[in-house]
């Protein structure tokens, strides 16, 4: 069984690509992507229906070539439906030595039970993606999210991340953020994201949404959105271009003050006081209030590094 406590943070910047992306083998073998911690091969929206069989054949070949390499990232496949998960795993996934798990698209109460029954049989990590109208609409959102939380808790050990499909939410309302905006500027989408955090972030890692830009003056916008992700409680992010990976990786690092304070909190020595100044004397540490934060900071610092 996998170590979920560590693996859920290792996902980090998840690089999405169509299953036809054969050059990924060369890029990994030649270490062109040193900040690549996880990769997702998509068989869903990025593949037209008529090309699905060809895409699966391509992915089977990519898997075979990746199996000969060392230091691989976590490898996920985004499938289409519960039935597709069943068929793909039997034909390809179960025979792969490198497959980490599956991304479950458009996950809501219309398919959750079927997806989770299969996931328990397969016994690999899953990352459900919340992106449908049942999750977005204020008419159904609260009931839907609470029901999803309840059913996911029954298979909690398999759930690596909760992922949020903001492009699908934007599509519902005919929206698209510009290069000088973050997803938090789109109020109707931001509210959905915050409600998802409210329901899930206490018990699961909830990953940040995709940033759609990789040309022009895009990098500063990504950094700005990542800062807002961290402030709100999202961890990691979906990447759609390799150029985004170094910025996402750097955002996973923790500050020296945060890392030192986390160690103080986790190694609390006072038998009388529950509060203490931070390592740099700039703020208060309270052991009863900051312990969960400290556990997360320690893992991220040890995994991604500490900024000066």
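The values are calculated or read from the model by the stated rules, or taken from the named source; none is laboratory data. Remember, it's a predicted structure, so these values are computed and weren't measured experimentally. In this analysis, Cβ positions are derived from the backbone assuming ideal geometry, glycine residues included, and neighbour counts consider all displayed protein chains.
In region 86-100, which residues are farther than 24 Å from residue 168 by Cβ and in a strand (DSSP E or B)?
Correct list: 99 only.
In region 119-164, which residue that is farther than 27 Å from residue 75 by Cβ and crowded, with 22+ Cβ neighbours inside 10 Å is farthest from the chain's Cα centre (by Cα)? Spell out the reasoning first.
The initial filter retains those residues of region 119-164 that are farther than 27 Å from residue 75 by Cβ, namely 133-134, 136-147, 149-150.
Subsequent filtering for residues that are crowded, with 22+ Cβ neighbours inside 10 Å retains 136, 144.
On the way: 136: 19, 144: 21 Å.
So, considering only residues that are farther than 27 Å from residue 75 by Cβ and crowded, with 22+ Cβ neighbours inside 10 Å, the one farthest from the chain's Cα centre (by Cα) is 144.
Restricting the search to region 1-17, which residues are at pLDDT below 95 and farther than 18 Å from residue 128 by Cβ? Give the steps one after another, and end with the answer.
Kept after step one, since they are at pLDDT below 95, are these residues of region 1-17: 1-6.
Those that are at pLDDT below 95 and farther than 18 Å from residue 128 by Cβ: 1, 3, 5, 6.
Which of the strands (runs of 3 or more DSSP E) found entirely inside region 229-292 contain at least 1 residues meeting this: touching a strand residue (DSSP E or B) at 6+ places or on another chain (Cβ under 6 Å) and surrounded by fewer than 14 Cβ atoms within 10 Å (Cβ to Cβ)?
Details: elements: 237-239, 275-277, 284-286.
Fully inside region 229-292 and qualifying: 275-277, 284-286.
Please go through region 297-308 and give me each residue that is touching a strand residue (DSSP E or B) at 6+ places or on another chain (Cβ under 9 Å) and outside any loop (DSSP other than H, G, I, E, B), ordered by number.
Filtering region 297-308 down to residues touching a strand residue (DSSP E or B) at 6+ places or on another chain (Cβ under 9 Å) leaves 297-298, 300-301, 304-308.
Within region 297-308, 297, 298, 300, 301, 304, 306, 307 meet the criteria.
Every residue in region 21-39 that is at pLDDT below 95 and surrounded by 17 or more Cβ atoms within 10 Å (Cβ to Cβ), please.
Hit for region 21-39 is 21, nothing else.
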